[in-house]
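S.K.: Dropping the structure in here first, questions after.
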């Protein structure tokens, strides 16, 4: 369960086993968490399990109450809350996802984990986009970008710009959205990260369509389809949640 499970990365296809064994694995993890709730390795396994579910079998888990019951100083609590929030997001409960992410952000700031802060801000901005709270989401995406710029995290900057582009597009700011996603594509140009690049070209195509640039829209959406096709898939060793 420790394989990288994001699309386009090693282990994603192999992770589909979760669709047939998820109940059994969840039962075992629930037992282990009950026996030793302080174990970091158990909660690391829970994080990986929930990430597998998010991509392959989106549903809620019985582990939720145990995760929320973890003490604030437990090192695994922020990541567990973050993955749990994504499961709520996957079943359409965006308010609950936002609540969990808000607490995750507080804990990440307290623990001084800037990378976790940036990732959580991106997830929060997406939750707000799905809740039609674009102003709040735009602010959070820009803050995530600032954190990543301070850390010189190029991939994080690209992911933050991609998220910002979606929000600006939804907020009827196509020019600003196009600028943001174009910057994201430039940052990812030397990286082997097909999934985020595909998403960037998809939103760029939608932006061009909204501006009446049909030929450009077709070009960018075709590029996204080509990247997404199985024949073009290449391994990548980096996993970042958006």
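S.K.: Are any residues in the stretch 32-41 assigned to a helix (DSSP H, G or I) and either within 19 Å of residue 104 (Cβ to Cβ) or touching a residue at least 40 places away in the same chain (Cβ under 8 Å) (or both), and if so, which ones? Give the steps one after another, and end with the answer.
M.R.: Of all residues in the stretch 32-41, those assigned to a helix (DSSP H, G or I) come to 32-35, 40-41.
The answer is 33, 40.
S.K.: Take the residues of the stretch 212-233 that are surrounded by fewer than 16 Cβ atoms within 10 Å (Cβ to Cβ) and modelled with pLDDT of 95 or more: which is nearest to residue 167 (Cα to Cα)?
M.R.: Residues of the stretch 212-233 that are surrounded by fewer than 16 Cβ atoms within 10 Å (Cβ to Cβ), as a first pass: 212, 214-215, 218-219, 222, 225-226, 229-232.
Pick out the ones that are also modelled with pLDDT of 95 or more and you get 212, 214-215, 218-219, 222.
Details: 212: 19, 214: 21, 215: 23, 218: 21, 219: 22, 222: 22 Å.
Restricting to residues being surrounded by fewer than 16 Cβ atoms within 10 Å (Cβ to Cβ) and modelled with pLDDT of 95 or more, the top hit is 212.
S.K.: Within the stretch 186-211, can you find the residues that are under 23 Å from residue 160 (Cβ atoms), buried (at least 16 other Cβ atoms within 10 Å of the Cβ) and either without any contact (Cβ under 8 Å) to a residue 24 or more places away in the chain or not assigned by TED's automatic domain parsing to the domain that holds residue 156 (or both)?
M.R.: Matches in the stretch 186-211: 202, 205.
S.K.: Please list, ordered by residue number, the helices (runs of 4 or more DSSP H) wholly in the stretch 107-178 having 2 or more residues that are crowded, with 22+ Cβ neighbours inside 10 Å, in the same structural domain as residue 196 (by TED's automatic domain parsing) and without any contact (Cβ under 8 Å) to a residue 40 or more places away in the chain. Give the steps one after another, and end with the answer.
M.R.: Numbers: elements: 114-130, 134-151, 154-170.
Ranges flagged: 154-170.
S.K.: Would you be able to say whether some residue in the stretch 52-61 is at pLDDT 85 or above, over 18 Å from the mean Cα position of the chain (by Cα) and either surrounded by 14 or more Cβ atoms within 10 Å (Cβ to Cβ) or assigned to a loop (DSSP other than H, G, I, E, B) (or both)?
M.R.: Yes, some residue in the stretch 52-61 is at pLDDT 85 or above, over 18 Å from the mean Cα position of the chain (by Cα) and either surrounded by 14 or more Cβ atoms within 10 Å (Cβ to Cβ) or assigned to a loop (DSSP other than H, G, I, E, B) (or both).
S.K.: Here's a follow-up. Tell me the residue from 199, 191 that is out of contact with any strand residue (DSSP E or B) (no Cβ under 6 Å at 6 or more places or on another chain), part of a loop (DSSP other than H, G, I, E, B) and under 30 Å from residue 104 (Cα atoms), please. Walk me through how you get there before you give the answer.
M.R.: Values: 199 fails: part of a loop (DSSP other than H, G, I, E, B).
Unique residue meeting the criteria: 191.
S.K.: Among the numbered criteria (1) closer than 28 Å to residue 60 by Cα; (2) modelled with pLDDT under 95, which one does residue 97 miss?
M.R.: Single failed check for residue 97: (2).
The values are calculated or read from the model by the stated rules, or taken from the named source; none is laboratory data. What you see is a predicted model, and the numbers here were worked out from it, not measured in a lab. Don't worry about glycine lacking a Cβ; one is built from the backbone with ideal geometry, like all the others, and counts go over all protein chains shown.
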